[in-house]
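All of the numbers you see were taken from the coordinates with simple rules; none came from a lab. Remember, predicted model here, so these are calculated numbers, not experimental data. Methodologically, a virtual Cβ is constructed for each residue, glycine included, from the backbone with ideal geometry; neighbour enumeration extends over all protein chains shown.
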Amino acid sequence: MNNIEKVNNFRDARNWRQFHNEKDLALSLTLEASELLEIFQWKEAEEGVAEIDAIKDELADVLIYSHMIAANLELDVDFLVNRKLQRNTEKYPAKPNALEVSADLELEDKIVAYRAARNWALWDNAKDVAIAIAVEAARLLEVYQWREPEEVLANAESAEELKDELADVIIYGYVLAQSLNLNVDELIDRKLEKNNLKYPVKKSRDNKEKYNDL
């Protein structure tokens, strides 16, 4: 079962899709990205990384909401990321003699290979990657500013912008996980297990209240 299926199973058991329009999901994603960034506030990157459990939870939330948006729009995450990496390759060609990113690689390995070809890991400190996630999440939310979700999709330019910004959030989410030696599948499983305890189906089905108000 892939991560989108896991996320969908969790929310469908609670019948939450009725509350999950893409604009509100983008807002939730942005809030979680801000909470992730807050871990590093007034700290050097190494100090923030000491709070690894908090990072795991907030990064998982960012990725979970990203997957919900993709699922709502019937977008394939692998396709989104591949498409964005291809576009970025034109903007940021690799150095001469760098190995091309193989189409046969798994998604996470493609991101690693793409960045390795440009030696970008030199700048991948966790604080700056968290900033990048927050910036891209804000750009994703900006797509919905003054618009309803259906208006975004009806406009070809804004629909393309939505796909690009969502891909950027996911890519940087993977980059942060990679830089901290975290497994994305395990992060999402861990957070869904925690949420399962906070939001038991019996209490939370058809209910959008926060766990402490159930």
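Some notes on this structure:
- Members of region 47-59 that are in contact (Cβ under 8 Å) with a residue 60 or more places away in the chain and not basic (Lys, Arg): GLY48, VAL49, ILE52, ILE55, ASP57, LEU59
- Put simply, of ARG83, ARG87, ARG118 the only residue that is among the basic types (Lys, Arg), farther than 26 Å from LEU192 by Cα and under 18 Å from the mean Cα position of the chain (by Cα) is ARG83.
- For region 64-79, the set of residues classified as assigned to a helix (DSSP H, G or I) and farther than 17 Å from TRP16 by Cβ consists of VAL77, ASP78, PHE79, listed by residue number.
- Within region 46-70, the residues that satisfy the criterion of being buried (at least 21 other Cβ atoms within 10 Å of the Cβ) and among the aliphatic types (A, V, I, L, M) are ILE55, LEU59, ALA60, VAL62, LEU63, ILE64, MET68, ILE69, ALA70.
- All positions within region 195-214 that are surrounded by 12 or more Cβ atoms within 10 Å (Cβ to Cβ) and either among the aromatic types (Phe, Trp, Tyr) or part of a helix (DSSP H, G or I) (or both): ASN195, ASN196, LYS198, TYR199, LYS203, SER204, TYR211
- Residue within region 80-94 that is under 23 Å from LYS191 (Cα atoms), part of a helix (DSSP H, G or I) and touching a residue at least 40 places away in the same chain (Cβ under 8 Å) present: yes
- Summed over region 38-58, residues that are in contact with a helix residue (DSSP H, G or I) (Cβ under 6 Å, 6 or more places away or on another chain) and hydrophobic (A, V, I, L, M, F, W, C) total 4.
- Annotation: of all residues in region 1-45 being part of a helix (DSSP H, G or I) and free of Cβ contacts under 8 Å to residues at least 24 places away in the same chain, the one that is surrounded by the most Cβ atoms within 10 Å (Cβ to Cβ) is LEU31.
- Being in contact (Cβ under 8 Å) with a residue 40 or more places away in the chain, over 19 Å from the mean Cα position of the chain (by Cα), part of a helix (DSSP H, G or I) and closer than 20 Å to MET68 by Cβ is a property that LEU176 lacks.
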